[in-house]
Amino acid sequence: MKIAMVSRGDASSGGAGLVAEQLSEGLRARGHQVTHIVRRRARAAYRSHSLRLPGLKGDVLLRNLIALDPSGVQLLLHPAVWRADLVHFHDFAVAYGSLVALWLAHYKTVVLHFHDFSGVTGGCLYPR
């Protein structure tokens, strides 16, 4: 199976990135083709297993105003996403915007991995 693992970063970026990296490595060890797409620069030891889509100027403002991040558009246009059988998002609302995952779900099998409440609160990690 071809899998596009999408997160803000690798294990050096925090809990969600750590889970995404470990899951990518585990699936790769079982024979799946995994491309881990990150926004933050991956640490040197993991760069050969990841693909970086850097953020653009104004991405936070646009993401907060219309739930669409310019980096999300980059993601939608990337060939690794369209070659994948499954797209697995970690921190999707914070990293790429909810509309990207919603739109992509019309064409691909999408998994949304919730590590906190940001996917349902609009960006807050925890309610209240």
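No value in this document is a laboratory result; all are computed from the given coordinates. All values reported here derive from a predicted model rather than from experimental measurement. Note that we place each Cβ from the backbone using ideal geometry, even for glycine, and neighbour counts take in every protein chain shown.
Extension gain for Leu76-Lys2 works out to 25.0 nm (0.36 nm per residue, less the C-alpha to C-alpha distance).
When each of the peptides 24-31, 108-115, 82-89 is scored by how many other beta carbons lie within 10 Å of its residues on average, the order from highest to lowest is 82-89, 108-115, 24-31. The slack between Gln22 and Arg83, meaning 0.36 nm per residue of separation minus the straight C-alpha distance, is 19.8 nm.
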